[in-house]
Amino acid sequence: MKLASTQIDLFDDDPGYRQTPRPAPRKRRPDPASPSPGDDEAAAQRLEQTGLFKVLRKLVPRPIVPRALSPYPKLAVLVDTETTGLHHTRDEIIEIGAVSFTYGDDGAIGDVVGVYSGLRQPSAPIPAEITRLTGISDEMVAGQAIDLAALDALIEPADLVIAHNAAFDRPFCEGLSPIFAAKAWACSVKEISWAGLGFEGNKLGYLVGQSGLFHEGHRATDDCHALLEVLARPAGPGGARPFAELLRSSLRSRIRIYAENAPFDMKDQLKARGYRWSDGTDGRPRAWWIELDEELHDDELRYLRSDIYRWKDAEPLTQRLTALDRFRA
């Protein structure tokens, strides 16, 4: 009878039952066995120590430090552009990112002292393929313009401007602001021997992954932060820092030789040696050309005179290039 009575009470239609306050839910105490954020790195290291795993760490941008507080004397700026296409004469910048950092003469990287990021609405809709690659849509850039005063203020004091494929970024940057034209440029693709440092390629995604990191790629400022970390981390058997090699390379002069009027039947031989063809549409001579270290100039002239022109007094056009001249259009 007691059980039946209880059932009747539970299902009683008296509205007062539903108005009876229910006890507040008990708060769950933290499980002492659950890992804290501080345990994440220890867990990653344990996985790596087994030899069966390689763990990538999320890239966290360095904090910005006031320039006056950084003890390093020199200033470099990493720049990256996202554009509507590959040709600076007809395509446009839709995003530019820049990260300014200090460094020492020995190639040691100091502190990040400035960051700029800006979107720009182009004169025509962004191609669908560019949106797919970059994630930048027409809606994102609508009404946007790059703050050239802020960008110029970041670039003006720089001793060196660095881009990952400077031959692409420099012409676009110079078209955006004349301040880029007077700067020394370095290319982290062409002026670092990544293979010698143990990397399998020179694309930024490969470099970041092989440095043990991952990041959100294909946005200009994110790529600048990622490249900075790759340049700063020791690599290769000797633990060299890639930035130190880049700095040394940027200080060396290069020579560009144009094999003007070379016999037509020598084109395959020139191509096999590393010469490239210039059709003259960009203002350069219409000829096969090569760029090499200054100390290789005399050897290359001997080769051209003996194997190509077969004339000992031949004097092909030669240009001496410094970091102020390299990677121009």
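Read the figures in this text as sums done on the coordinates, not as results from a lab. Quick caveat: nothing in here was measured; it's all calculated off a predicted structure. Don't worry about glycine lacking a Cβ; one is built from the backbone with ideal geometry, like all the others, and counts go over all protein chains shown.
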**Q.** Gain upon complete extension [PHE214, ARG90; 0.36 nm per residue less C-alpha separation]
**A.** 41.3 nm
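Loop only by DSSP, 12 or fewer other Cβ within 10 Å of the Cβ. Give me the trypsin sites (Lys or Arg not before Pro) in the range 84-134 that pass, ordered by residue number.
Numbers: sites: ARG90, ARG120, ARG132; in loops: ARG90, ARG120.
Sparse-neighbourhood loop trypsin sites (Lys or Arg not before Pro): ARG90.
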**Q.** Farthest positive-ward along the chain dipole, Cα basis, beta-carbon charges - from LEU317, PHE199, PRO61
**A.** PHE199
Q. Which of the listed residues, ALA240, ILE146, PHE264, is farthest toward the dipole's positive end in the chain, when Lys, Arg count +1 and Asp, Glu count -1 at the beta-carbon?
A. ALA240
Q. How many times 2.2 N^0.38 Å is the alpha carbon radius of gyration of the chain?
A. 1.49
Q. Can you work out ³J(HN,Hα) from phi for every residue in the range 90-96, in order, using Karplus 6.51 cos²θ - 1.76 cosθ + 1.60 and θ = phi - 60°, giving whole Hz and x for Gly and Pro?
A. 10, 9, 10, 6, 10, 7, 9
Q: Would you grab the residues whose amide H sits under 5 Å from the one on ALA235? Only those 5+ places off in sequence or on another chain, please, with H modelled 1.01 Å from N.
A: ALA240, ARG241
Q | Given charges at beta-carbon only (K, R positive; D, E negative), |dipole| of the range 126-278 in Debye | A | 820
Q) Counting only the backbone N, which residues of the range 186-229 are under 15 Å from the spot 7 Å out from the Cα of ASP159 toward its beta-carbon? A) 186
Q | Interchain or long-range residues, amide H under 5 Å from ARG57's placed H | A | LEU213, PHE214
Q. Simple spin-label model, 7 Å along Cα-to-Cβ: ASP105 to ALA181 in nm?
A. 3.2
Q. What is the gain in length, in nm to one decimal, between ASP299 and ARG248 on full extension, counting 0.36 nm per residue of separation less the C-alpha to C-alpha distance?
A. 16.1 nm
Q. Where is the GNM fluctuation largest for the chain (alpha-carbon springs, 10 angstrom cutoff): GLN210, GLN144, GLN45?
A. GLN45
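Given R₀ = 22 Å, FRET efficiency for TYR206-ASP147 by Cβ-Cβ distance, to 0.05? Let's see the in-between values first.
On the way: r = 33 Å, r/R0 = 1.49.
Taking R0 as 22 Å, the efficiency between TYR206 and ASP147 is 0.10.
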Q. Going by alpha carbons, how many degrees (0 to 90, nearest 10) lie between the helix axis of 220-232 and the longest principal axis of the chain?
A. 70
Q) Between ASP138 and ALA240, how many nm apart are label points set 7 Å from Cα along the C-beta direction? A) 4.9
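With the contact rule set at Cα under 8 Å and sequence spacing of 6 or more, what percent relative contact order holds for the chain?
Details: 508 pairs, mean separation 51.0, N = 329.
The normalised contact order for the chain reaches 16 percent.
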(Q) Using only DSSP helix segments of four residues or longer, with each worth -39500 (n - 2.57), what per-residue ellipticity at 222 nm results for the chain after dividing by its residue count and rounding to 500? (A) -8000 deg cm²/dmol
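If the chain between ALA124 and ASP313 were fully stretched, how many nm would it gain, using 0.36 nm times the residue separation less the Cα-Cα distance?
Details: separation 189, 0.36 × 189 = 68.04 nm, distance 5.25 nm.
Contour length minus Cα-Cα distance gives 62.8 nm.
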Q: Determine ³J(HN,Hα), in whole Hz, for all residues of the range 285-298 in sequence, where each value follows from phi through the Karplus function 6.51 cos²θ - 1.76 cosθ + 1.60 and θ = phi - 60°; x replaces Gly and Pro.
A: x, 7, 5, 6, 9, 9, 10, 8, 4, 4, 5, 8, 4, 4
**Q.** In order through the range 146-158: 3J(HN,Hα) via Karplus (6.51 cos²θ - 1.76 cosθ + 1.60), integer Hz, x for Gly, Pro
**A.** 6, 7, 5, 5, 5, 5, 4, 5, 6, 7, 3, x, 6
